[in-house]
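Notes follow the structure.
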Amino acid sequence: MPVPVPRQRVTPAVESGQAHAGPPPGTPAAPGPAARTKGPADTLTLLVIEDDPAGSPILPEMLDSAGRPIRLRTARNLTEAGRLLTDDVHCILLDLALPAPGRADEEGDELAVLRHVLELAPRHAVLALTASGDAERGAEAVRVGAQDYLFREELDGRLLSRAIRYAVERKRSDTTERRLTESRLRAQENRRLERGLLPTPLLDGSSLRFAARYRPGRSRALLGGDFYDTVRTPDGTVHAMIGDVCGHGPDEAALGVELRIAWRALTLAGLCGDDLLATLQQVLEHERDNEEIFATLCTVDIAPDGRSAGLCLAGHPSPLLARPDRPAELLPYDKNGPALGLLPRARWPRTQVELGQVWSLMLYTDGLIEGHVGEGTERLGQEGMVNLVRRRLAEGLSGKELLRTTVNEVRDLNGGELTDDVAVLLLDRGP
């Protein structure tokens, strides 16, 4: 069986009769006594795995691109190779005629030794050495994973030196490309996952119009600690919710998703107001990583006729109500209860609100109001946000366009991207 590749092992200056020195492939050597014995950081080291390398004519003098001698290590079998294969080896020259440690499933496999080496040294460049009449075997070696193949009878110092440099650079390029591909795939998977975690409103049968805007504060993220949802229960009541878990990382985003899903399930099960928030607090207490994590929440339940609503606030900013016959204003917030997770056995009063015949109700998180105004320390605040929305409503904006322009203007006033998550939800009732 292949010997595991040793990690961070200090290798003697001379091994198997050849000089040794150099850094890990593509990285600077760490400082210390061992590093002081090594040569220039870009000097190449070649490990030759061949039956009788010391007496073989396949090791001509080789020079790197700067004219320095390429250092050599030699191994007669894979056991020796495993001992010599430290991170400062850049390339392996492997004789395909070398016998491999055989397994029953490898009988008849002409490239078994190469497969062992690729398993033993997945981060190193590999050159396959074969006879001049066996080009097909050499080409197959490249398909299996070698960077190139060479004919034993045609080797000279210039050819081998050039092949080593090419193999090392091709391995680096392949590794970089693979990492970029893996990174892109992970990013795509994360985006699909995060999009799947954003809610789809359940408003079938309702005349209300729905719009939402979401901007996570984390760089390159699609989901933050803010969360929202809207559902219509069988009695015709439309329930809307928006919340904010303190913090901005992936753990906070995951907790926000758990609270949203729990809210939807509890709402569809018939809970509302104080009973629902008390149960959500239990969910938060069981799911959070530490006792300092809390979440603010705003819930609204709109009557089937659309003319009134019940409002519960748990440490959250009050929604904004816009009607055609009066300026946009904040709903009452004097009965705002504590954020979820702060006080055991807390209560959250429900406030009855008259909406009227035609209205727009905007729920939002504090990321919308905590951005700066200009270069100073002044914050936009709720009053600034209300005035901003009033201007946009006077311009005739509504729905998604109203939310888009509002969030963009808040960002522009801040002088750049907002650092906090922003979620905004809008429900409209037309004539």
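Would segment 348-355 turn up any residue that is assigned to a strand (DSSP E or B), among the hydroxyl-bearing types (Ser, Thr, Tyr) and closer than 20 Å to Leu388 by Cα? No, the conditions are met nowhere in segment 348-355.
Take Leu363 and tell me if it is outside any helix (DSSP H, G or I), at pLDDT 95 or above and of a type outside the set (Asp, Glu). Yes, satisfied. Taking the criterion of being under 12 Å from Leu297 (Cβ atoms) and surrounded by fewer than 21 Cβ atoms within 10 Å (Cβ to Cβ), no residue of segment 247-259 qualifies. Going by the structure shown, is Arg307 without any contact (Cβ under 8 Å) to a residue 60 or more places away in the chain, within 22 Å of Pro201 (Cβ to Cβ), basic (Lys, Arg) and surrounded by fewer than 18 Cβ atoms within 10 Å (Cβ to Cβ)? For Arg307, the condition - without any contact (Cβ under 8 Å) to a residue 60 or more places away in the chain, within 22 Å of Pro201 (Cβ to Cβ), basic (Lys, Arg) and surrounded by fewer than 18 Cβ atoms within 10 Å (Cβ to Cβ) - is met. All of (1) exposed (fewer than 13 other Cβ atoms within 10 Å of the Cβ); (2) over 30 Å from Arg288 (Cβ atoms); (3) out of contact with any strand residue (DSSP E or B) (no Cβ under 8 Å at 6 or more places or on another chain) hold for Glu401 with one exception: (1). With respect to the stated conditions, Ser132 fails to be within 30 Å of Arg68 (Cβ to Cβ), among the polar types (S, T, N, Q), exposed (fewer than 13 other Cβ atoms within 10 Å of the Cβ) and without any contact (Cβ under 8 Å) to a residue 12 or more places away in the chain. Scanning segment 102-111 turns up no residue that is farther than 19 Å from Asp174 by Cα, in contact with a Pro (Cβ under 9 Å, 6 or more places away or on another chain) and crowded, with 16+ Cβ neighbours inside 10 Å. Taken over segment 135-161, the criterion of being closer than 14 Å to Leu94 by Cβ and not hydrophobic (A, V, I, L, M, F, W, C) is satisfied by Arg137, Gly138, Glu140, Gly145, Gln147, Asp148, Tyr149, Arg152. Assessment of segment 337-353 against the conditions (out of contact with any Asp or Glu (no Cβ under 7 Å at 6 or more places or on another chain), at pLDDT 95 or above, under 15 Å from Leu393 (Cβ atoms) and β-branched (Val, Ile, Thr)) yields no matching residue. Pairs linking a residue in segment 325-346 that is farther than 19 Å from Val300 by Cα to a residue that is charged (D, E, K, R) and surrounded by fewer than 19 Cβ atoms within 10 Å (Cβ to Cβ), with Cβ atoms under 8 Å and 6 or more positions apart or on different chains, are Pro327/Arg390; Gly341/Glu285; Gly341/Glu291. Quick one: is Gly108 out of contact with any Phe, Trp or Tyr (no Cβ under 7 Å at 6 or more places or on another chain), outside any loop (DSSP other than H, G, I, E, B) and at pLDDT below 90? No.
The values are calculated or read from the model by the stated rules, or taken from the named source; none is laboratory data. Just so it is clear, the model here is predicted, and its values are computed rather than measured. Cβ sites come from the backbone with ideal geometry, for glycine too, and all protein chains shown count toward neighbours.
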